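Student: Below is one structure. I have some questions about it.
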Amino acid sequence: MNGNDIILLLKKNPIGVTCGIVALLCGVTLYLGAEAIDDSRLKVEASTKQSQLMINNVRNAAGLSLAKQTEAMQRAVKQLDGRLVKASQLATNLQYFYRLESETGVKLTDLRPNQAPRGSSGFYIGVPYTVTLQGTFKQVMEFLQRIESGKHFSKYSAISFNKAAGVEVASSVLSVTINIELLGTP
């Protein structure tokens, strides 16, 4: 085939040749623009996510002004601070356990504040105590429940139940040793 044959073929099939050229140009454009399409898709997804966050913020803030939310947060912080113990106020902290003793009927045989673990710094620390008490199972469980649901935040690290020494074998008196931490401030 020479140049004249090619021109003659193009003149015989103008629609097919035009469609071929357009398809070839579209393929080249698609190949070169595929990266731009991916970038645009990522931008659209990021914008959609950000707009959804904004819509959620507006929906969640409906009816509550920033001042009301600030007041609610301040009340919650005040309530939290009221439930904390102060590590430096040893007498007040021990009085908490003595009050529980009188309310539940157990007998505190040993109550010792322990040394806070080294490296415990920050806003809140665990103030550790070792409590040894004697009482019936019901009294002991009531004591534990009152600590658990009481005024201060607490965490048990160890609890040991034993038969009380020096009492009758038929007696149901238990001796319990509790390692407990009350959430507090330094």
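Student: What is the chain's relative contact order, in percent, from Cα pairs under 8 angstrom and six or more apart in sequence? Working shown, then result.
Tutor: Working: 190 pairs, mean separation 37.0, N = 186.
Computed value for the chain: 20 percent relative contact order.
Student: For the chain, state what percent of all Cα-Cα pairs lands in each successive 5 Å bin, counting from 0 Å until the bin that includes the largest distance.
Tutor: Reading upward from the zero bin: 1, 6, 9, 10, 8, 6, 6, 5, 5, 5, 4, 4, 4, 3, 3, 3, 3, 3, 3, 3, 2, 2, 1, 0, 0.
Student: Another question, if that's okay. Using amide H atoms built in the peptide plane, which far-off residues or other-chain residues are under 5 Å from ALA87 H to H?
Tutor: THR185
Student: Please determine, in degrees from 0 to 90 and to the nearest 10, the orientation of helix 137-148 with respect to the longest principal axis defined by the Cα atoms of the chain, where the helix direction is its Cα long axis.
Tutor: Approximately 50 degrees, to the nearest 10.
Student: Shifting gears a bit: Taking θ as phi - 60°, what are the ³J(HN,Hα) couplings along region 109-116 by the Karplus curve (6.51, -1.76, 1.60), each to the nearest whole Hz, with x for Gly and Pro?
Tutor: 9, 7, 9, 10, x, 9, 6, 5
Student: How do 101-108, 86-93 rank on mean C-beta neighbours within 10 Å, highest first?
Tutor: Details: 101-108: 15.2, 86-93: 12.6.
The packing order, highest mean first, is 101-108, 86-93.
Student: What is the P(r) of region 85-185, as percent of Cα-Cα pairs per 10 Å bin from 0?
Tutor: P(r) over region 85-185, rounded to whole percents: 15, 48, 26, 9, 1.
Student: Set the bar at 24 Å for Cα to Cα. Now go through LYS86/LYS138; LYS107/LYS163; LYS68/LYS155 and name every pair that lies beyond it.
Tutor: Over 24 Å Cα-Cα: LYS86/LYS138; LYS68/LYS155.
Student: I've got another one for you. Give, as a single signed number, the net charge of other residues whose beta carbon lies under 10 Å from the beta carbon of LEU183, with Lys and Arg counted +1 and Asp and Glu -1.
Tutor: Numbers: positive: ARG83, LYS155; negative: GLU181.
Local net charge: +1.
Student: Rounded to whole Å and sorted largest first, list the principal axis extents of the Cα atoms in region 12-78.
Tutor: Reported extents, whole Å, longest axis first: 89, 20, 11.
Student: Considering amide H positions built from the backbone, and no H for Pro or chain starts, which residues 5 or more places from ASN114, or on another chain, come under 5 Å of its amide H?
Tutor: TYR129, THR130
Student: Give the long-range amide H neighbours of SER175: residues separated by 5 or more places, or on another chain, with amide H under 5 Å away, using H modelled in the peptide plane at 1.01 Å from N.
Tutor: Under 5 Å from the amide H of SER175: ASN162, LYS163, ALA164.
Student: Would you mind getting me the FRET efficiency between ASN179 and LEU80? Use the beta-carbon distance for r and R0 = 22 Å, nearest 0.05.
Tutor: On the way: r = 24 Å, r/R0 = 1.08.
Result of the calculation: an efficiency of 0.40.
Student: What distance in nm separates the two pseudo spin-label positions at TYR124 and LEU25, each 7 Å out from Cα along the beta-carbon direction?
Tutor: Computed distance between label sites TYR124 and LEU25 equals 6.8 nm.
Student: I want the local charge near GLY150. Using Cβ-Cβ distances under 15 Å, sum +1 for each Lys or Arg and -1 for each Asp or Glu among the other residues. Don't skip to the end; give the middle numbers.
Tutor: Working: positive: ARG83, ARG99, ARG146, LYS151, LYS155; negative: GLU101, GLU103, GLU142, GLU148, GLU181.
Around GLY150, the charge tally is 0.
Student: When the chain is fully extended, how far beyond the present Cα-Cα distance does LYS12 get from GLN52, taking 0.36 nm per residue of separation?
Tutor: Values: separation 40, 0.36 × 40 = 14.40 nm, distance 5.73 nm.
Taking 0.36 nm per residue and subtracting the Cα distance, the gain is 8.7 nm.
No lab work stands behind these numbers, since they all come straight from the coordinates. What you see is a predicted model, and the numbers here were worked out from it, not measured in a lab. Note that each Cβ is placed from the backbone with ideal geometry, even for glycine, and that neighbours are counted across all protein chains shown.
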